[in-house]
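Let me begin by presenting the structure, written as structure tokens, before commenting on it.
Every number in this text was worked out from the coordinates using simple rules, so none of it is lab data. Just so it is clear, the model here is predicted, and its values are computed rather than measured. Because the Cβ atoms are built from the backbone with ideal geometry, glycine has one as well, and the counts that use them run over all protein chains shown.
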Amino acid sequence: MAPKTYSCKKIMSADEDAKWLEWVTKQFESIAGEDKEIDLEEFKTALKVKESFFAERFFALFDSDGSGSISLDELLKAFNLLIHGSDTDKLRFLFQVYDVDGSGSIDPDELRTVLKSCLLENAISLPEEKLDDLTLVLFQSADKDNSGSITFQELKEELERFPEVMENLTISAANWLKPPTLKKKNHTPRYLTRAYWHNNRSKVLFMFSYCCVNILLFTLAAVNHSSLGGWIMVAKGCGQCLNFNCTFIVVLMLRRCLTWLRTTFITNFLPLDQNVILHELVGYTVFILTVVHTAAHVINFINKAISPGSYTFWEYLLTLRPGIGWVYGSASITGILLQLLIFLMLVCSCTFVRKGGHFEVFYWTHLSYIWIWILLFLHTPKFWKWFLVPGLLFVMEKVFGMAASRMGGLYIVEVNLLPSKVTHLVVKRPPSFQYKPGDYVYLNIPVIAKYEWHPFTISSAPEQEDTLWLHIRSLGQWTNSLYEYFCSPETAKRYHNKKCVQNMKKKKHQSQEHLFSGTIANNTDDQIELTSYKPCRSQPGDEIRISLEKCGSTQGHNGGENHQICNIKCYIDGPFGTPSRRIFTSDHAVLIGAGIGITPFASILQSIMYRYRMMKQNCPNCKYSWCETLKGNEMTLRKVDFIWINRDQKFFEWFVSLLTKLELDQADEEPEGRFLEMHMYMTSALGKNDMKAIGLQMALDLLAKKEERDSITGLKTRTQPGRPDWNKVFQKIEQENKGKVQVFFCGSPALAKVIKAHCEQFNFKFFKENF
């Protein structure tokens, strides 16, 4: 089987190389002048090589006559060698790139220069000491005879220790100089396949039922008004459908009711996890029905205005004189206002508004639903019958939410400003606030905006009793205002004197000591006096560590402070459930987060590991549990794979301390393998099949093996360059055979489509977070 696989790769590689060669030729001809030659700057532009070191090395090797410019013949000759040459020819070219001075061997300084250029090309920032370590570990590994230099044979032997690098290096020259990514055609999934039905049967059945209800309502209303003419039949049919849809759209956003339904068997039959998408779909349906309804009435008005002795068209449309409607004949005017408001709401709900930095525009225009309901009561005498029950539930939810959000005295007690303008809020948690991992809340901070509420996922675990965490990415006006508020020197100064410490201090009381925490009342060189404390059980004579958390903060680049202790009033409405609540019913859960999409999984991972530790407190013989807080049906998980995809190195700083703790929680290997496996991917880093990354990735692998820690994140888990190969990822998961696999994703919609398509291919259940 192996030779066939390799042959297939060779065929695919030949096609890639042919397309790449054609692209290079066109690029050369478009840039070269009348002399048909290109210089170094033109060469960098033509092949889109960012880093000058590699551009200079490639240019010097391609310039066979040393003229300082490359002709098309020289370029094609070099590429022909890389494409059709032997494995040794390709390795020889790689060696020449690293052999900067052309001495026939690579010394430590040359290797360091190459690795430093690799770091720049891969957008990785490491201290000089770490670069020295990478250089040393790779040089020592490759310099077999300890001669102080690496020969071609030694480099070849070193590469052969990394089979995947060797294979990619010798198969396709198209990966050596990175060409532009070719757009692949999107393959539309076959909607009625078994795999698609497995993931979408509840949605398909719901959509079928929804369409049937609308068709039935339209038909009944049209038939009842058949004596009034065709356009009236259309208008009345659409009007009846609007009565249903304008109330049903409310049902889809009754968050508390939906959260409760998630705990019942109904969740197996209704697409509760897709309520937001369905809400949008019903919104578009309302707009279409409104347009058709209005158009039918307008045409009817035109026909009526033609009749002698009748009102004019404009009187029908813009006045109360014809008496159309049950409240002072206002049906026409209220209809026009409804059309305008619905159109405004639709436009301001589009993705380019909501996610284009204008969330507040969407938020405030969406509140016009109140005026729409009022106008609907005035427009038609039947709407109130449809709206009675959903409206009552809506009002109850709002009243309960307002009451709950004002209780408990919530305060933001700590703020951390993280890379990429992420604000980490630590909120004092009221005792009555109970939530599940992955839930979200609506947050209001009066000092930022008195009347605005915004949804954010809780990133702390429910088992964390005193506080709850929110990680907020700055993407719109409100979130940017939040970040800038804590960046300002005035805010930092305001809370500078509110010191907070965590201190363990010996204070013997027969059989226990105390853990002190609170505000500093008196601080001298000899002692720290605290105004309050809470007890901590310990035995007399036990060794304890005194830990004083530094209250002074590190200055940020904007003049504000990265860490602040504060006391800011806030309000929270929630919690509300998400698809993540299904995780604990899986056998094998796969959590995939892209960027800040890790937020819901931060809470889930902490809770999973807490429950895992509790399960480990069972007697292996009689299964007796020493943990009374965890029921047997609350944790059926046998395996968890966590995949985090980040664009840049600094994004890993958001949750690296949490992930480090999770690694420590399962420091000992389990007989059946690790319960939690983490997979980190950095998309800005070039893969091992790119020549500009080969040396660096080899060095990172060697150093990680030596130090048992990844140089990029500091975790034991090695950060993989590039994007995941989803086929390989899911094949490995399938081969583990741990039971029912459910994939949970939070991130960009484009990546969600890719992952969902692969889940359907492997018959895995797919769930997407809405935030």
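To the nearest 0.05, how large is the calculated FRET efficiency for S420 and F62 if R₀ is 41 Å and r is the Cβ-Cβ distance?
Once the sixth-power term is evaluated, E becomes 0.60.
Counted residue by residue at 0.36 nm each, then reduced by the alpha carbon distance between them, the extension gain from Y451 to Y411 reaches 12.7 nm. Histogrammed with a bin width of 10 Å, the alpha carbon distances of the stretch 317-412 distribute as 14, 29, 32, 19, 5, 1 percent, first bin at zero.
Just check the stretch 405-452 against the gyration tensor rule for me: Cα atoms, a ≥ b ≥ c as the square roots of the eigenvalues, rounded for a/c under 1.5, and otherwise prolate or oblate depending on whether a/b exceeds b/c. Oblate shape, in that a/c is at least 1.5 and b/c is the bigger or equal ratio.
In this simple spin-label approximation, L393 and K144 carry label points 7 Å from Cα along the Cα→Cβ vector, and these lie 7.3 nm apart. In terms of the Cα gyration tensor, with a ≥ b ≥ c the square roots of its eigenvalues, is the stretch 261-381 rounded because a/c is under 1.5, prolate because a/b exceeds b/c, or oblate? Verdict is prolate for the stretch 261-381. Pairs spanning more than 27 Å between alpha-carbon atoms, out of K716/K756; K130/K738; K639/K765; K130/K661; K436/K765: K716/K756; K130/K738. Return the FRET efficiency for the residue pair L664, T113: r is the Cβ-Cβ distance, R0 is 41 Å, and the value is rounded to the nearest 0.05. Efficiency, rounded to the nearest 0.05: 0.65.
How big is Rg to Rh over the stretch 219-301, alpha-carbon atoms, Rh as the Kirkwood inverse-mean-distance radius?
Taking Rg over the Kirkwood Rh, I get 1.15.
Say R0 is 45 Å: what FRET efficiency, to the nearest 0.05, do K19 and F313 get from their beta-carbon distance?
Details: r = 62 Å, r/R0 = 1.37.
So the FRET efficiency works out to roughly 0.15.
Here the gap between D466 and E129, fully extended at 0.36 nm per residue and compared with their Cα-Cα distance, gives a gain of 117.3 nm. When only alpha carbons are used to place a centre, the stretch 418-471 and the stretch 698-755 end up 28 Å from one another.
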